[in-house]
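Scroll down for the structure; my scribbles are underneath it.
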Amino acid sequence: MNATAAPSPSPNRRRRNPISLTVAVVIALLILWVLITMWWWDKEPEQFDPVAVTTAHMKEVGRPMATGAVTTYTLIESVRTLMDKRGGYLSNDKLPPGVFMDNIPNWEFGSLMASRDLAQALRNSFSRSQTQSTEDKDLGEADPLLNSPNDRWLLPSSESQYGKATDDLEKYLVRLSDNEDANAHFYARADNLADYLQTVSARLGSLSQRLSASVGQLKVDAAPNADVAGNAGQSKAVYVKTPWNKIDDNFYEARGYTWALLEQLKAIRHDFAPILRSKNADASLQQVIRELEESQKALGSPVVLNGSPFGFFANHSLVMANYISRANAAIIDLRALLGRG
């Protein structure tokens, strides 16, 4: 009995197998590259010493130190860090791997908000002797540029706008340290600092509430204003809970804001040192700085944990909210000291 020979694979099939294998290998390598790059880029920038980097920069450009130079250059360095850190600026990425990342883009947004607040304070308060004074021309250009959308990739991109803003801030810094040009000023007064800290306090209060909502909480809304007859409306409690997919977004936004704010307050400690000492407020500012330093400790987990308040697992959002609330309380005390005669 003759055995029937098995049919041999067709030439076409033999040719397709190597091609399919090659495509599969290429896809696998691309996925591996994306994952490795995401891991490498997913790192928050290190802190820097505002006084040290400002001193080095002023020596490099051949300019003397002046009051306000540390605060101004700290703002410049904070904005440049957004664009020069690992992976560059990611918030407006539309291609892999940046488009798949959300932790660092939220960190960037928080840091950007702190930079915007300081730029506005420079434009409206620190550089003006009174409300009727003319605003500085370079700060008037930098402020709106920093307020450009953070996720714009079409021309002009977010990076280009923020780069122009740092160039304008550099021009202000040069004129600030130029004794022959009296157009640039920095007024390190108690009222100017108190106004800026009021904005900071409002930001920290909002961040603390959003972080605390990670486990759900009853929020009591204030009663509406009294009507013409003098009858006030009734306040009501609303249950607020952060969606699970937004918990890490709020956490990293808070990390970014406190990172930039910590640098700014260290710079302010230097530029406002005389007025802080005269108001006995330097210890209060140091307490704020210490609380913010605690908020920047490394996360000992690959993910943001969201355990119950007294549960077995940690709740990183509540820990961050605790440090932010304590920093905010110290800022309130600091503002009270600055307001005293």
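A cut-off of 5 Å between modelled amide H atoms, ignoring neighbours fewer than 5 places along the same chain, links V304 with no other residue. Taking the protein heavy atoms of the chain in the context of the full set of protein chains, the accessible area attributed to carbon and sulfur is 55 percent at 1.4 Å. In this simple spin-label approximation, F310 and K297 carry label points 7 Å from Cα along the Cα→Cβ vector, and these lie 2.2 nm apart.
Solvent-accessible surface (1.4 Å probe) assigned to S127 amounts to roughly 10 Å². With the convex hull drawn over the C-alpha atoms of the chain, the volume per residue is 267 Å³.
Residues whose amide H falls under 5 Å from that of N315, counting only those 5 or more places apart or on a different chain, are G307, with hydrogens built in the peptide plane. The distance separating the Cα centre of the range 273-341 from that of the range 157-211 comes to 21 Å. As a rough guide to protection, the peptides 260-266, 301-307 ranked by mean Cβ packing within 10 Å, highest first, stand as 260-266, 301-307.
Looking at this model, which pairs from K43/K241; K85/K246; K94/K219; K164/K266; K43/K94; K43/K219 are more than 30 angstrom apart at the alpha-carbon? Display every interim value, and only then the final one.
Working: K43/K241 28 Å; K85/K246 24 Å; K94/K219 37 Å; K164/K266 25 Å; K43/K94 20 Å; K43/K219 34 Å.
Over 30 Å apart, Cα to Cα: K94/K219; K43/K219.
Would you please put 128-135, 43-50, 162-169 in order of how densely packed they are, using the mean number of other Cβ atoms within 10 angstrom per residue and starting with the highest?
On the way: 128-135: 10.4, 43-50: 15.1, 162-169: 20.1.
So the order, starting with the most tightly packed, is 162-169, 43-50, 128-135.
About the Cα centre of the chain, what is the dipole size in debye to 20, counting +1 per Lys and Arg Cβ and -1 per Asp and Glu Cβ, all else neutral?
Values: 36 positive and 38 negative charges, 245 e Å.
That gives the chain a dipole magnitude of about 1180 debye.
What's the ranking of 326-337, 18-29 by average number of surrounding C-beta atoms within 10 Å, highest first? Walk me through the numbers before you get to the answer.
On the way: 326-337: 19.4, 18-29: 9.8.
Going by the mean number of other Cβ atoms within 10 Å, highest first, we get 326-337, 18-29.
Quote the relative contact order of the range 244-341 in percent (integer), defining contacts as alpha-carbon pairs under 8 Å separated by 6+ residues. Spell out each step's value before the answer.
Numbers: 81 pairs, mean separation 33.0, N = 98.
Value for the range 244-341: 34 percent.
Diffusion coefficient of the range 279-341 by Stokes-Einstein, Kirkwood radius over Cα pairs, 4 °C, 1.567 mPa s: 98 µm²/s.
The values are calculated or read from the model by the stated rules, or taken from the named source; none is laboratory data. What you are looking at is a predicted structure, and each value in this text was computed from that prediction instead of being measured. Cβ sites come from the backbone with ideal geometry, for glycine too, and all protein chains shown count toward neighbours. Accessible surface is based on the protein model in full, side chains and every heavy atom, while ligands, DNA and RNA are left aside. Shrake-Rupley method; radii C 1.70, N 1.55, O 1.52, S 1.80 Å.
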